[in-house]
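Here the structure comes first, spelled out in structure tokens, and everything after it is commentary.
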Amino acid sequence: FKPVAIMAVDKQLIFKGENTKYADFKEAIEAAENGTQVVIGGSKGDDVATYEAMLQEIGLTKENMKYITYNSTGDAITAALGGHIEFVIAKPAAASEYVEAGSLVPVLALATERYTGKFDAPTLSEIGDYEDVEVPVWRGVVASPEMSDEAVAYYSEILKKVSDSEEWKTDYIDKNKLISNYMDAAAAKEYMTQFEADYLATLEAAKE
């Protein structure tokens, strides 16, 4: 494929359920450091990669901070609501209605900056001597490799106008709880290439 543009990114948070005994995630880390097993649930793919990156940064083992993989984020959230796991990794859109109902509480933003509004929660660097970690899921546009550079430049500019429009912000970004993050073709190619390398490295580290 030939990258045309990045339009938005989606990032994860960690939420606690109503039955979770820890006041916040810092308390959960301290419990895990002292030998108490803390259980986090989530779906496959980028949720697992985010968990691996976080675990490496905070210096805990999978035995002390266990991850249970569910077939979907919805299944993981259901487990958290039922008190079967203490925390769940999820993206804002998936957790939104449960946060509004007070059934899930955001306790950690797995991102380099806080979310705003009802998803406001500290990042890793705010709760301890850690670097922030994130494994953003990007939303972008690619074309066939045969598309000319002139055509790529044209569509990249068109997508910039789309990204700047109020309809895009209201009907897509806000509706799906995403973060607007337009990148032109050149920046998108660099971003996608680095993203792939980082993601594969995380998966390799998970095998060790």
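Considering (1) more than 17 Å from residue 122 (Cβ to Cβ); (2) at pLDDT 95 or above; (3) not hydrophobic (A, V, I, L, M, F, W, C), the lone condition that residue 24 does not fulfil carries the number (1).
Screening the stretch 72-120 for residues that are within 17 Å of residue 50 (Cβ to Cβ) and among the polar types (S, T, N, Q) and picking the one that is surrounded by the fewest Cβ atoms within 10 Å (Cβ to Cβ) gives 72.
For residue 130, state whether it is outside any strand (DSSP E or B), in contact with a helix residue (DSSP H, G or I) (Cβ under 6 Å, 6 or more places away or on another chain), open to solvent by 40 Å² or more (accessible area, probe 1.4 Å) and of a type in the set (Phe, Trp, Tyr). So residue 130 fits the description; yes. Inspection of the stretch 135-152 finds a residue satisfying the criterion of being part of a loop (DSSP other than H, G, I, E, B) and within 13 Å of the chain's Cα centre (by Cα).
A Cβ distance below 6 Å, combined with a sequence gap of six or more or placement on separate chains, defines the contacts here; from the stretch 1-30, residues that are in contact (Cβ under 8 Å) with a residue 24 or more places away in the chain reach residues that are basic (Lys, Arg) and not in a helix (DSSP H, G or I) in the pairs 7/139; 8/139; 10/91; 12/91.
For first residues located in the stretch 134-145 and under 11 Å from residue 3 (Cα atoms), partners that are among the basic types (Lys, Arg) and open to solvent by 40 Å² or more (accessible area, probe 1.4 Å) and lie 6+ apart or on another chain with Cβ distances below 9 Å form the pairs 142/2; 143/2; 144/2; 145/2. Go through the stretch 153-171 and report how many residues are more than 13 Å from residue 3 (Cα to Cα), touching a helix residue (DSSP H, G or I) at 6+ places or on another chain (Cβ under 7 Å) and among the aliphatic types (A, V, I, L, M). The number of residues fulfilling the criteria is 1.
Of the residues making up the stretch 182-200, those that are closer than 30 Å to residue 97 by Cβ and either in a helix (DSSP H, G or I) or open to solvent by less than 50 Å² (accessible area, probe 1.4 Å) (or both) number 2. Within the set 16, 21, the sole residue that is out of contact with any helix residue (DSSP H, G or I) (no Cβ under 8 Å at 6 or more places or on another chain), of a type outside the set (Gly, Ala, Ser) and farther than 30 Å from residue 147 by Cβ turns out to be 21. Only residues that are under 17 Å from the mean Cα position of the chain (by Cα) and basic (Lys, Arg) were counted in the stretch 188-202, giving 0.
The values are calculated or read from the model by the stated rules, or taken from the named source; none is laboratory data. These numbers come from a predicted model, not from an experiment. As a convention, Cβ positions derive from the backbone with ideal geometry for all residues, glycine included, and neighbour counts pool all protein chains shown. What goes into the accessible areas is simple: the full protein's heavy atoms, side chains included, and nothing from ligands, DNA or RNA. Shrake-Rupley method; radii C 1.70, N 1.55, O 1.52, S 1.80 Å.
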